[in-house]
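Working notes for the structure below.
The values are calculated or read from the model by the stated rules, or taken from the named source; none is laboratory data. Just so we're clear, the structure is a prediction, and the values are computed from it rather than from any experiment. So basically every Cβ, Gly included, is an ideal-geometry build from the backbone, and we count neighbours across all protein chains shown.
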Amino acid sequence: MIYRSLFPRDFLSELERLQNEVRQGFDISPSIRGFTRGGFPALNIGSTGKSVEIYAFAPGVDPASIDVQLEKGVLTVAGERKSALPPAEAKATTHIDERFAGRFRRVVTLPDDIDPSAVAARYRDGVLHISIQRRETTQPRRINIQ
Amino acid sequence: MSETTAVSKESTAPREEAALVPPVDVIEDSGGITLYADLPGVPKDKLNLHVDSGTLTIEGELGLEMPEAMESTHAEVSLPRYRRTFTLSRELDADKVTAEFADGVLKLRIPKAEHALPRKIEISVA
């Protein structure tokens, strides 16, 4: 798998990542959506008993232009980031060109117990934070023994 | 403007905490250099820019709001900090660096020193 990581780490962690990837490559049943690590925006996902929290690291994107959709338990984050590079005819030289530019789309499968009507999305400091509540009926309950 | 190697960084600085390397764009025109760096999740007060004897260091710490009981299930941004160091060449005026930071994107403008600005040389006809 050849790609350029958005946020490369130091050499030792790179080795560790490589090891993980080799291991995943031998996995007999990998996810149908593949390993999208290294895509834009980078995603961090966490969960609490009451909600699922998704952080999409999309710096420099107009929040109004980000399209977030939730359909049948699949969350899609799509949009476009414009390039900061000068046009070809400009009298400027590009020395380093690492930042992502262009259209992006990332898809996440969510747990079954989420409530599609209780979604909140906020954009701050270049991070889109999507919080989805879990349905109350499925939240763990303590059962009293009589 | 070139990146310092990991080896020279280790020999000069005390042991630093592990950090992610933010992606950058570096563009040079006749007046100077413009640098864009992606530092998503870094609030303005946790961004640190440092110019010291020809070395530019960009450092930022993540300040995400997370629910207390949250358990991480998948993390692509796996460290809470970004760091990247560049060596500035002599014709750049490190005293006149200007910076803008919005929506996780840092824009730095490093102008060239007066004496290094390009000049058109007049050709006199004899």
* With (1) of a type in the set (Val, Ile, Thr); (2) outside any loop (DSSP other than H, G, I, E, B); (3) touching a Gly at 6+ places or on another chain (Cβ under 6 Å) as the list, and A:Val61 as the residue in question, which single condition is left unmet? -> (2)
* Among (1) exposed (fewer than 15 other Cβ atoms within 10 Å of the Cβ); (2) under 30 Å from A:Val108 (Cα atoms), which single condition is B:Gly63 missing? -> (1)
* To do: Please state which of the following conditions A:Ala78 fails to meet, knowing it meets all the rest: (1) part of a loop (DSSP other than H, G, I, E, B); (2) at pLDDT 90 or above.
  => (1)
* What strands (runs of 3 or more DSSP E) lie completely within region B:80-126 and have 2 or more residues being among the aromatic types (Phe, Trp, Tyr), closer than 20 Å to B:Ala37 by Cα and modelled with pLDDT of 90 or more? -> B:81-87
* To do: Using the structure shown, decide if A:Ala84 is part of a helix (DSSP H, G or I) and within 14 Å of another protein chain (Cβ to nearest Cβ).
  => no
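This table checks each residue for (1) under 22 Å from B:Asp25 (Cα atoms); (2) more than 13 Å from chain A (Cβ to nearest Cβ).
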site: B:Glu65; (1), (2): no, no
site: B:Phe86; (1), (2): yes, no
site: B:Ala102; (1), (2): yes, no
site: B:Ala113; (1), (2): yes, yes
site: B:Arg119; (1), (2): no, yes
site: B:Glu122; (1), (2): no, yes
* Asked: In region A:115-145, how many are at pLDDT 90 or above and β-branched (Val, Ile, Thr)?
  -> 4
* Asked: Can you tell me which residue in region A:87-136 is farthest from B:Ala37 (Cα to Cα), limited to those that are within 13 Å of chain B (Cβ to nearest Cβ) and polar (S, T, N, Q)?
  -> A:Gln133
* Asked: Just for region A:44-80: of the residues that are among the hydroxyl-bearing types (Ser, Thr, Tyr) and surrounded by fewer than 18 Cβ atoms within 10 Å (Cβ to Cβ), which one is nearest to B:Glu76 (Cα to Cα)?
  -> A:Thr76
